[in-house]
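Inspection log for the structure reproduced underneath, given as structure tokens.
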Number of protein chains: 2
Amino acid sequence: MIKVCIIGYGNVGQQLYKAFKKSKKVTVLQVYGRSVEPKIKGKTQFINDFTQLLHADTYFLTVRDNAIEEVAKLLPENGTLLVHTSGSMPLDTIAGRKHRGVFYPLQTISQEVASDFNKIPICLEAENTQDAKLLKKLAKSISKKVVFLSSGERQKLHLAAVWVNNFSNHLFHLAYDYLTENQLDFQLLMPLILETTEKLKSVTPFEAQTGPARRHDTQTLQKHLTLLEDPKQKEIYTLLSNSIQEKFN
Amino acid sequence: MIKVCIIGYGNVGQQLYKAFKKSKKVTVLQVYGRSVEPKIKGKTQFINDFTQLLHADTYFLTVRDNAIEEVAKLLPENGTLLVHTSGSMPLDTIAGRKHRGVFYPLQTISQEVASDFNKIPICLEAENTQDAKLLKKLAKSISKKVVFLSSGERQKLHLAAVWVNNFSNHLFHLAYDYLTENQLDFQLLMPLILETTEKLKSVTPFEAQTGPARRHDTQTLQKHLTLLEDPKQKEIYTLLSNSIQEKFN
């Protein structure tokens with residue numbers, strides 16, 4: 001049985017706790033959170049005091065990106081492998097430890113929607129074979145898709161994840177607000193939204209592209225710009241339409 | 001049995017033909033396409049000559065947006081209800097006919113991927129009760145979701161559809177190219193991409209938003225801008241990140 005402690009009980013910490021709890025190969029020994037109520041729940045001890053941290057096989061540091069460096073320094077150097085779970089921070093954000101690594105679940109993790117870890121690719125990084133093996137076991141115990149990436153590769157993947165998730169969700173957000181302001185039902189768009197991503201199972205984004213910019217239909221592009229009142233939205237519309245037209249020149 | 005003719009045999013024309021062929025309430029009498037081979041297939045006559053058009057209950061004009069006005073004028077005024085299938089063109093693009101309307105399937109329709117019309121909302125517009133009834137019957141025969149919208153409402157919905165489909169697909173395209181250039185596998189992003197839209201079944205885009213811009217994490221935003229080399233991509237990244245930050249101020 002692999003023993004782990006989860007340090008930080010935000011979105012990632014909570015989802016990892018739930019995922020490992022279901023795994024037969026992993027025990028979550030402790031969960032640390034600044035504001036958790038101390039208690040024992042199943043095999044797990046919940047603590048809000050660093051000094052109570054026990055020795056384990058792996059510590060998962062799930063705090064926010066710019067706290068990783070500082071919190072890592074506060075943890076006891078007792079030989080436990082310490083990994084952070086950030087896509088954008090390099091491995092060496094964790095300093096002064098023999099065993100360190102990265103365990104990055106490539107997903108948008110929020111508390112409201114439970115993540116099905118089974119389908120989430122987990123991107124690992126380690127500095128020696130022993131740590132790599134341990135991380136691989138841990139990742140395989142909750143996900144089918146496990147890859148090793150360097151810090152540089154992971155940063156690029158994280159950037160691409162921002163494009164496909166954060167930015168496309170923001171476009172959905174802009175459309176939602178626009179329709180609501182105009183007393184139209186966002187639900188009418190849901191089949192189209194779902195089809196937009198389903199389609200990518202069988203064709204590339206290049207092949208999937210449709211619409212006025214793709215067709216260089218300047219009449220419709222102009223009409224849309226007249227419909228938009230917000231200058232920022234006009235700017236986004238123009239920039240993205242130009243970018244599409246460049247790809248289909 | 002409702003008799004229809006489909007005029008124009010591009011993506012929309014072909015998909016409508018397939019959908020109506022399955023319906024027990026509708027017969028596709030004729031399909032007109034500039035370059036179709038004249039033939040009889042099942043109950044349908046394929047023609048490439050306007051003058052052969054027979055009287056029907058409804059003509060579906062599925063040509064490209066800026067050809068609608070011109071082609072509509074060429075069609076015989078024999079009392080047949082003539083509808084176009086465009087999201088962005090107003091009803092009165094069709095002039096000089098007593099019976100005219102709009103039949104707009106709100107979906108990204110391409111030849112490669114067969115559309116399941118059953119789930120596609122169909123937005124209708126008509127000028128009198130009799131035409132409205134006929135269009136509703138036709139739409140209901142292939143889709144579960146049928147709504148009536150004015151030309152103005154439909155234009156706004158079409159604009160929103162461009163945001164959620166064309167623009168988000170373009171972001172997927174940019175991410176695809178970026179990863180490929182960096183020898184990274186786009187497939188790693190697929191679970192995230194699918195989750196991005198699945199999530200909207202249970203939460204609003206506002207609630208679903210995550211990422212560095214949402215968190216006002218300027219350190220990561222700066223790092224991403226350094227990673228991007230293409231000035232256009234830097235511009236899109238900055239504009240969308242600022243727009244997210246404004247929504248979460």
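Bear in mind these aren't lab numbers, they're just calculated from the coordinates by the rules spelled out. Just so we're clear, the structure is a prediction, and the values are computed from it rather than from any experiment. Every residue, glycine as well, gets a Cβ built from its backbone with ideal geometry; the counts of neighbours run over all protein chains shown.
Placing a label point 7 Å from the Cα of B:K140 along the Cα-to-Cβ direction, the residues of region B:22-47 whose backbone N falls under 18 Å of that point are B:23-27. For A:K73 and A:K232, the FRET efficiency from 1/(1 + (r/R0)^6), where r spans their Cβ atoms and R0 equals 35 Å, is about 0.25. About the centre of its Cα atoms, chain A shows a dipole size close to 1360 debye [charges on the beta carbon of Lys, Arg (+1) and Asp, Glu (-1) only; nearest 20 debye].
When +1 charges are put on Lys and Arg Cβ atoms and -1 charges on Asp and Glu Cβ atoms, the dipole computed for the protein assembly as shown relative to its Cα centre reaches about 2140 debye. Need one word for region A:4-79: rounded, prolate or oblate. Basis is the Cα gyration tensor (sqrt eigenvalues a ≥ b ≥ c); a/c below 1.5 gives rounded, then a/b vs b/c decides. Rounded.
With K and R counted +1 and D and E -1, the other residues having a Cβ less than 14 Å from that of A:D217 yield a net charge of +3.
Averaging sequence separations of C-alpha pairs under 8 Å and six or more residues apart, then dividing by the length of region A:154-247, give the relative contact order as a whole percent. Reported relative contact order: 16 percent. Computed over chain A with a Gaussian network model linking Cα atoms closer than 10 Å, the most mobile of A:T197, A:T108, A:T58 is A:T197. Once the Cα atoms are used to define both axes, helix B:11-22 deviates from the longest principal axis of chain B by about 60 degrees. Can you pick out the pairs among A:K24/B:K199; B:K18/B:K144; B:K18/B:K119 whose Cα atoms lie more than 19 Å from each other? Pairs exceeding 19 Å: A:K24/B:K199. Calculate how steeply helix A:151-161 sits against the longest principal axis of the alpha-carbon atoms of chain A, using the helix alpha-carbon long axis, and give the answer as 0 to 90 degrees to the nearest 10. Helix A:151-161 sits roughly 40 degrees off the main axis of chain A. Summary for A:S35: label point 7 Å along Cα→Cβ; distances to the equivalent points in the other copies, ascending, 6.4 nm.
Shape class of region B:2-149 from the Cα gyration tensor (axes a ≥ b ≥ c, square roots of the eigenvalues): rounded, since a/c falls below 1.5. With the label put 7 angstrom out from Cα along the Cα-to-Cβ vector, B:T51 ends up 10.0 nm from the copy partners, going from closest to farthest. Label-point spacing at A:K73 relative to the other copies reads 7.7 nm, in ascending order, each point sitting 7 Å out from Cα along Cα→Cβ. Binning all Cα-Cα separations of the protein assembly as shown at 10 Å, short to long from zero, yields these whole-percent fractions: 4, 18, 25, 20, 15, 10, 6, 3, 0. For region A:2-149, a simple Cβ point-charge model (Lys and Arg +1, Asp and Glu -1, everything else neutral) yields a dipole of about 820 debye relative to the Cα centre.
Applying 1/(1 + (r/R0)^6) with R0 = 41 Å to the Cβ-Cβ distance of A:V36 and A:E198, what FRET efficiency is obtained, to the nearest 0.05?
Using R0 = 41 Å, I get an efficiency of 0.55.
The sum of -39500 (n - 2.57) across all DSSP H runs of n ≥ 4, divided by the residue count of chain A, sets its helix-only mean residue ellipticity at 222 nm to -11500 deg cm²/dmol.
Give me the net charge of A:I236's neighbourhood, meaning all other residues with Cβ under 11 Å from the Cβ of A:I236; Lys, Arg count +1, Asp, Glu -1.
Here the charged neighbours net out to -1.
Going 7 Å from the Cα of A:L54 toward and past its Cβ, which residues in region A:12-32 have a backbone nitrogen under 16 Å from where you end up? Answer for region A:12-32: A:21, A:26-32. How would region A:125-170 be classified by its alpha-carbon gyration tensor: rounded, prolate or oblate, with rounded meaning a/c under 1.5 and the a/b versus b/c comparison settling the rest? Oblate shape, in that a/c is at least 1.5 and b/c is the bigger or equal ratio. With Cα atoms defining each centre, region A:1-45 and region B:136-151 are spaced 51 Å apart in the structure. For B:K232, the lysines whose Cα falls under 16 Å of its own Cα, not counting residues fewer than eight places away in the same chain, are A:K247.
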